[in-house]
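S.K.: Got a structure here, written out as structure tokens. Questions coming.
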Amino acid sequence: MDDMYREAIIEHYKNPGYHGVLEPADISFEDNNPLCGDHLRIDLRIDAGGCITEAAFSGHGCAISQASADMLLGSIIGKPLDEVKKMNKQDILDLIGIELGPVRLKCALLSLKVLKSAAYGIHQGESVELDLD
């Protein structure tokens, strides 16, 4: 079973469906993982009802950070921002489907951290502790 999930991670890394930049975006946020150098930006377009209509990510990093961003964005299209704000670490782990060590877990959670920062309207450079659990 783990092999199937590993293949899915590699596929999302090599052929991401949500890689790019939305110009203009309604919401954008970017951050990095200083432990490994992964960098991620997420752009969102939101409709009048507060639902996500389009999403894109850009940046660089390991297969886990980039694949988790692609998988996460694929899972939020059509969802309201209020629902995105409730997402947690288990949502990412369910998408990835394999057990991750502490270092790789930080790589996988970067996309959730950036997404939630965007959803909460946190400003670039603002230091805020988000609940990812």
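S.K.: Can you sort 39, 60 from fewest to most other Cβ atoms within 10 Å of each residue's own Cβ?
M.R.: 60, 39
S.K.: List the residues, sorted by chain then number, that are 5 or more residues from residue 19 or on another chain and whose placed amide H is less than 5 Å from its amide H.
M.R.: 57
S.K.: Applying 1/(1 + (r/R0)^6) with R0 = 30 Å to the Cβ-Cβ distance of residue 120 and residue 6, what FRET efficiency is obtained, to the nearest 0.05?
M.R.: 0.40
S.K.: Per DSSP H run of at least 4 residues, take -39500 (n - 2.57); add these up for the chain, divide by its residues and hand me the 222 nm value, nearest 500 deg cm²/dmol.
M.R.: Using -39500 (n - 2.57) per qualifying helix, the result is -13500 deg cm²/dmol.
S.K.: Taking the Cα centre of the range 46-86 as origin, work out the dipole magnitude from +1 charges on Lys and Arg Cβ and -1 charges on Asp and Glu Cβ, in debye rounded to 20.
M.R.: 140
S.K.: Follow-up. Hey, can you rank 109-120, 67-78 by average C-beta count inside 10 Å, highest first?
M.R.: Answer by packing, highest mean first, reads 109-120, 67-78.
S.K.: Working from the alpha-carbon coordinates of the chain, get Rg over Rh, Rh being the Kirkwood radius. All intermediate terms of the calculation are to be shown ahead of the outcome.
M.R.: On the way: Rg = 13.7 Å, Rh = 14.6 Å.
Ratio value, two decimals: 0.94.
S.K.: Moving to a separate point now. Can you work out ³J(HN,Hα) from phi for every residue in the range 8-24, in order, using Karplus 6.51 cos²θ - 1.76 cosθ + 1.60 and θ = phi - 60°, giving whole Hz and x for Gly and Pro?
M.R.: So the J values, rounded to whole Hz, are 5, 4, 4, 5, 5, 6, 6, 10, x, x, 10, 7, x, 10, 9, 10, x.
S.K.: A further question on this structure: Apply the Karplus curve 6.51 cos²θ - 1.76 cosθ + 1.60, θ = phi - 60°, to the phi angles in the range 86-101 and return the couplings in whole Hz, x for Gly and Pro.
M.R.: Computed from phi, the couplings for the range 86-101 are 8, 5, 9, 3, 5, 4, 5, 4, 5, 5, 6, x, 10, 6, 10, x Hz.
Computed from the coordinates by the stated procedures, all read-outs in this text should not be read as laboratory data. Since we're looking at a predicted model, the values are computed, not measured. Positions of Cβ are backbone-derived with ideal geometry, glycine not excepted, and every protein chain shown enters the neighbour counts.
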